[in-house]
1. So what's the back-of-envelope 222 nm ellipticity for the chain, counting only DSSP H runs of four-plus at -39500 (n - 2.57) apiece and dividing by all residues, rounded to 500?
2. Tally Lys and Arg at +1 and Asp and Glu at -1 over the other residues with C-beta under 13 Å from the C-beta of R39: what net charge comes out?
3. Taking amide hydrogens as modeled 1.01 Å from N in the peptide plane, which residues meet the under 5 Å criterion relative to E476, leaving out close sequence neighbours?
4. Using only Cα atoms and rounding to the nearest 10 degrees, what angle (0 to 90) does helix 8-68 make with the longest principal axis of the chain?
5. Please express the shape of the range 266-510 as an equivalent ellipsoid: the semi-axes are the square roots of 5 times the eigenvalues of the C-alpha gyration tensor, given largest first in whole angstrom.
6. Restricting attention to the chain, give the cysteines that have no other cysteine Cβ less than 4.7 angstrom from their Cβ.
7. Taking the chain as the reference, fit the longest principal axis to its C-alpha atoms, fit the long axis of helix 454-465 to the helix C-alpha atoms, and give the angle between the two in degrees, 0 to 90, nearest 10.
8. Cα axis of helix 324-345 to longest principal axis of the chain: angle in degrees, 0 to 90, nearest 10?
Amino acid sequence: MFTRYFSVGRKIVFSSLLLGLIGALLAGSLQLMIFHHKRAEQYDAVINDLQAYLNSYFAELLTTIDKLQPLSLSPCASVAADLTSRAAFSLNVRAFLLVENGNATCSSATGEMNVPIKQLVPQVDISKKLDIEILPGTPMMPQKPAFALWVRSPLLENRGVFTSINASLMPWLLYSSRQNQFSGIALATNGTAISTFSSHPQPTSMLKRTPIRSATVHGVPLSIYLYGDEWTVESIQFSLLMGAVCGLLTGLLCYYVLSVRLRPGKEITSAIKRNQFYVVYQPVVDAESMQIRGVEVLMRWKHPTAGEIPPDAFINFAEAQQLIVPLTRHLFQLIAHDAPVLKKLLPPGAKLGINIAPAHLLAESFQQDLKDLSHMLPANYFQLVLEITERDMLSQHHAVKLFEWLHHEGYEIAIDDFGTGHSALIYLERYAFDYLKIDRGFINAIGTETVTSPVLDAVLTLARKMSLVTVAEGVETQEQANWLRDHGVNFMQGYWISRPLTLEKLLEAHQKPENYFTTR
Ligand code: G
Ligand code: G
Ligand code: MN
């Protein structure tokens, strides 16, 4: 689980980017949907208004025309005035023509006449009950498009009323078309359309675009088309901006939350607070008597989800996060807490081997931390042994002074995992160590590779010559123990003697003296 912490920064950045992107997409598309919905509502409102307007316009006109139908029974001269005033009071009507047997006989504009309607408006089909056509112009207004509306009399045979209507798309239409950013409006019938795109009627097929809304007028075969964009550049731009801003905010927020809440090392600090660390003690026995002479203190982490995390992992991690000092202080607290019980289990002068990380050795607080530990322990009972590995050994000057101070204060120093580091021998000469803890790799080799284990033999001889006390680590078999004893090792530690034990287990072992590391 720890490898992930080393790329935690990158992970946070990645997650923030991802969330930011999702935020941007969500906000952007939401904004776009809102725009789209609003526009759709506007379009609906406009097409409905147009339809309602034209419905009522034509309904009124058809009512007027119905009233005009009987006028064709009377001579034009007697009805012309009535016809003219009707035309004047009908909005947008240019002229009403009374038609009899296919001939226009009377006009609201010009009075009596006799012209075949086919000649006037060839497009209009007077065999139909009702027909409407779009004309480019009428005789009196040749440049202004008009609707030609034919309504056959429902009662009188071969008679009807022809109406020409201004088709200049009433100012209202133009107004709404400008107001609302629609691209246009068209009214179409029988394949011809007038639209806001052109001042002349066009074939419907020339209105290239497809309308976004359409409707038909009640009572007349007239279609209304509304043109516009589903999406406008502005709404897309605004949505993009909105997305970018929201995405940025989401990303930043995410980064902030993740880096504050999951800041590397928080695990260690919170594990200290939640008391997830505990210690185990591995007995160290005298090689001759097999009597317990001390313990090595080893830290454990019981993680609520990851389970037991080995110290190799979290010690390195804590060092990398600059948390080794608080962690070791916590360890000291745990030891101090156990000390009264340890005192009962261990003989006076028992050695407490404590592993010290190089980073802690270098820390300014190191000496004070040690003093604090000493004060917390029962006075003059335990002998503290600081176990230091060869790797990352301190600068010579600092180390010599520190070691002097440690010895002066009564601490002892062990070189841990001896033989695994580099330049091990030079350290032996340079620094005043009290113990040499021989790495379990050498002990393993006993009885397997060679019968004699010459390297180990040489190390032990060297240690004796330098008056160093030796501790063999990782003793797993009786054969190894015998060999070590025969070769003058002072202390032994390992599974064959005892695994690292919790305080309770150590207590249990003590209460069954036949198992208490002395009978082997
Ligand atoms: O028993 P174990 O697997 O715990 O030991 C693994 C390694 O972790 C050993 O090399 C030991 O030195 C180291 N270790 C265990 N406890 C501590 C501790 O409290 N502090 C430091 N610095 N190292 C420890
Ligand atoms: O600090 P140091 O590296 O000495 O820590 C001792 C480590 O060795 C601990 O992880 C401890 O659990 C482990 N250990 C102790 N005794 C034995 C043993 O007999 N065999 C093996 N393989 N490991 C051991
Ligand atoms: Mn150790």
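1. The helix-only estimate for the chain comes to -14500 deg cm²/dmol at 222 nm.
2. Neighbourhood net charge equals -3.
3. Here the answer is W496, since their amide H atoms fall under 5 Å of that of E476.
4. 10
5. 28, 22, 18
6. Unpaired cysteines in the chain: C246, C254.
7. Roughly 60 degrees between the two axes.
8. 40
Read-outs: derived from the displayed coordinates by stated rules, not from any lab. Being a predicted model, the structure only gives us computed values, none of them experimental. Quick reminder, even Gly has a Cβ in these numbers, built from the backbone with ideal geometry, and neighbours come from all protein chains shown.
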